[in-house]
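Single-structure report; data block below.
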Amino acid sequence: QVQLIQSGGGLVQAGGSVRLSCAASGRTVRGYGMGWFREAPGKEREFVAAINWSGGNTNYADSVKGRFTISRDNAKNTVYLQMNSLNPADTAVYYCAASATGQAMGVMTGYGHWGQGTQVTVSS
């Protein structure tokens with residue numbers, strides 16, 4: 001059973017940066033595609049970024065391209081989301097997820113394992 005434990009996040013000023021981490025336990029996620037999604041108040045959960053099993057392919061939502069970077073360290077069983085140039089519209093609960101397909105999936109239905117979520121609040 002894959003368990004995903006998230007860390008990072010918090011309160012940051014507009015223009016600032018935050019890095020989120022998602023560490024897997026229970027079993028390795030070396031062969032899994034990993035993704036980040038977010039859910040803002042009153043809105044549906046949306047795709048943010050994804051990376052395939054090797055790290056060789058990434059996928060980003062248009063709203064975060066050029067500002068966010070997803071990466072992974074398979075030796076540490078961890079995936080990261082570096083978020084730069086944050087603005088208040090990025091305020092949300094962020095979730096990491098693992099996909100047994102191994103691909104950088106951009107849809108929630110591709111993911112069978114989810115982290116607990118972490119709040120990121122960007123103040124103006």
On the protein heavy atoms, probe 1.4 angstrom, tell me the percent of accessible surface of the range 7-124 carried by carbon and sulfur.
-> 48 percent
Quick one: putting +1 on the C-beta of Lys and Arg, -1 on the C-beta of Asp and Glu, what dipole do you get for the chain around its Cα centre, in Debye to the nearest 20?
-> 260 debye
FRET efficiency, ILE5 to SER123 (Cβ-Cβ, R0 22 Å, nearest 0.05) = 0.25
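Express the accessible area of the chain per residue in Å², computed with a 1.4 Å probe while the remaining protein chains stay in the model. Before the final figure, lay out each step's value.
Working: 5990 Å² over 124 residues.
Heavy-atom accessible area per residue stands at 48 Å².
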Taking Cα pairs closer than 8 Å and at least 6 residues apart, the relative contact order of the chain in percent is 36 percent
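Efficiency by 1/(1 + (r/R0)^6): what FRET value for THR109 and SER71, r their Cβ-Cβ distance, R0 = 25 Å, to the nearest 0.05?
Working: r = 24 Å, r/R0 = 0.96.
The formula returns an efficiency of 0.55 here.
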With a 1.4 Å probe and all protein chains in place, put ASP90, ASP73 in order of accessible area, largest first.
-> ASP73, ASP90
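The values are calculated or read from the model by the stated rules, or taken from the named source; none is laboratory data. None of these values were measured; they are calculated from a predicted model. Virtual Cβ from ideal backbone geometry, glycine too; neighbours counted across all protein chains shown. The accessibility values were calculated without ligands, DNA or RNA, using every heavy atom of the protein model including side chains. Shrake-Rupley method; radii C 1.70, N 1.55, O 1.52, S 1.80 Å.
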